[in-house]
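Report on the following structure.
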């Protein structure tokens with residue numbers, strides 16, 4: 001079971017809680033997690049990355065295990081702690097304000 | 001019992017304001033899509049319960065929401081806006097070629113006759129159409145692919161397609177306007193387009209009388225006399241009496257002819273409304289006085305409408321999609337400000353009162369007249 005934490009604005013789209021649990025078949029990568037997330041919540045298509053698995057939106061970041069994974073290859077394996085559900089995979093809206 | 005429904009898009013959500021025909025007491029619902037920018041909300045003329053909303057965010061992109069019950073509940077529909085073919089380039093601010101990139105939907109125009117058909121005007125300028133209630137979108141590429149497209153440049157707010165008008169008297173005739181390319185007309189339901197900017201004069205571009213390049217802010221049409229068009233340009237209020245073939249200035253005695261919205265009285269095709277704004281560097285009303293100006297002569301001769309509007313210390317703006325009229329016997333006029341007020345007049349502009357005072361900055365106002 002993979003645990004995914006969504007930012008507030010995307011929670012309003014999914015109407016799910018802050019943390020979503022997903023089953024991911026095969027290797028656990030950023031791509032496979034996002035594929036599973038978008039399959040569960042089609043409304044998220046285009047909001048985190050481009051349609052059809054396109055590039056990450058510029059102001060969206062991916063964190064896990066106290067690391068910024070935003071620039072990792074989408075097919076690289078995620079840390080084992082994420083794959084086992086011990087640690088969540090965080091989808092974060094970049095901070096901005098004034 | 002007649003009534004009106006005012007659809008308000010703001011920087012932080014959508015609001016739906018309902019009243020009966022007296023327009024004295026208002027029920028306010030919202031924010032819908034809290035925290036998201038709602039550029040535009042508009043109802044279908046063919047089915048008033050069907051509404052479309054453009055929901056967007058600099059972080060999370062574009063969504064389109066649809067309601068089939070007059071705004072009580074909403075469901076997301078399609079949000080894939082892909083330009084047809086290889087999109088090519090337009091000019092960037094510095095004059096260099098810049099790839100066409102989808103940014104957001106500025107304006108949604110439901111079809112006059114079919115509740116499943118809706119048009120979307122987007123940034124970077126393009127026109128999209130859905131024939132399935134917003135589930136899927138196809139570009140009408142004839143506009144973007146016009147020969148002049150590579151020379152178009154964005155206005156300060158982005159290269160947006162903000163105005164879409166269908167001519168109810170001429171099937172297939174449509175108008176679109178783009179900042180800062182100008183006005184365009186199609187006579188074949190959007191398949192092909194040509195610029196209709198003759199008579200426009202813009203000092204901010206190298207060739208002031210160029211075929212394209214004018215920063216048109218808004219175009220309005222009265223459905224009973226659709227060959228007459230009114231335009232609020234960056235500077236100048238303009239009028240065409242021949243479906244855009246030519247334009248002449250009708251700014252007349254306005255205190256300034258800069259502004260954004262323009263609209264026409266529901267029952268009087270010669271009665272036009274604008275909100276003069278000081279200048280393109282001072283986006284607030286002259287002298288701190290919020291005044292709607294009304295012409296009952298189709299332009300040139302304007303009167304200030306001030307009753308109920310702040311006449312001191314007012315420094316808000318009124319954006320291009322933020323004015324609308326209802327079609328009750330006593331025509332109602334509505335506009336929203338960047339200060340979060342939505343003002344209504346139930347007597348064609350003679351007097352005004354705020355429906356709400358403290359919304360987020362208002363991006364758009366539309367009105368539905370309900371029977």
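Just so it is clear, none of the values below were taken in a lab; they were calculated from the coordinates. Just so it is clear, the structure is predicted and the values come from calculations on it, not from any experiment. With ideal geometry, Cβ positions are generated from the backbone for all residues, glycine too; neighbour counts draw on all protein chains shown.
Using bins 5 angstrom wide from zero, how does P(r) for region B:1-106 break down, in % of all Cα pairs? Final binned percentages: 2, 12, 18, 19, 15, 11, 9, 6, 4, 3, 1, 0. Taking one quarter of the surface of the convex hull spanned by the alpha-carbon atoms of region B:133-199 gives a direction-averaged projected area of 5.7 nm². P(r) tail, region B:38-197: Cα-Cα pairs separated by more than 19 Å, 51% of all pairs.
Based on DSSP H segments of at least four residues, each scored -39500 (n - 2.57), the protein assembly as shown has a per-residue ellipticity at 222 nm of -1000 deg cm²/dmol. The share of C-alpha pairs in region A:2-93 whose separation exceeds 23 Å stands at 11 percent. Computed from Cα atoms alone, the Kirkwood hydrodynamic radius reported for region B:81-139 is 12.4 Å. Dimensions of region B:154-253 from C-alpha coordinates, computed as largest minus smallest value along each principal axis and given longest first, are 36, 32, 20 Å. Measuring nothing but how far apart in sequence close Cα pairs (under 8 Å, 6+ apart) lie, relative to its length, region A:28-98 scores a relative contact order of 34 percent.
The peptide list A:31-41, B:112-122, put in order of mean Cβ contacts within 10 Å with the highest first, becomes B:112-122, A:31-41. When all alpha carbon pairs of region B:192-303 are counted in 5 Å bins from zero, the resulting P(r) reads 2, 13, 23, 25, 19, 12, 5, 1, 0 %. The slack in the chain from residue B:24 to residue B:2, taken as 0.36 nm per residue of separation less the alpha-carbon distance, amounts to 6.6 nm. Look at the stretch B:57-66: the mean tally of other chain Cβ atoms within 10 Å of its residues' Cβ atoms is 6. With q set to 0.07, 0.09, 0.14 Å⁻¹, the log10 of I(q)/I(0) for the protein assembly as shown, from the Debye formula over equal scatterers at the Cα positions, is -0.37, -0.61, -1.34.
Taking max minus min of the alpha-carbon positions on each principal axis, region B:250-342 gives extents of 34, 28, 23 Å, largest first. Remark: region B:216-371 is approximated by an ellipsoid whose semi-axes, taken from the C-alpha gyration tensor as √(5λ), come to 22, 19, 13 Å, largest first.
Our summary of shape: the Cα atoms of region B:299-362 have principal axis extents of 30, 24, 21 Å, ordered from largest down, in whole angstrom.
Entry note: region B:238-277 has Rg to Rh equal to 0.97, where both radii use alpha-carbon atoms and Rh is the Kirkwood radius. The orientation-averaged projected area of the convex hull spanned by the Cα atoms of chain B comes to 16.2 nm².
Using C-alpha pairs under 8 Å with a sequence gap of at least 6, the mean separation divided by the residue count of chain B gives a relative contact order of 12 percent.
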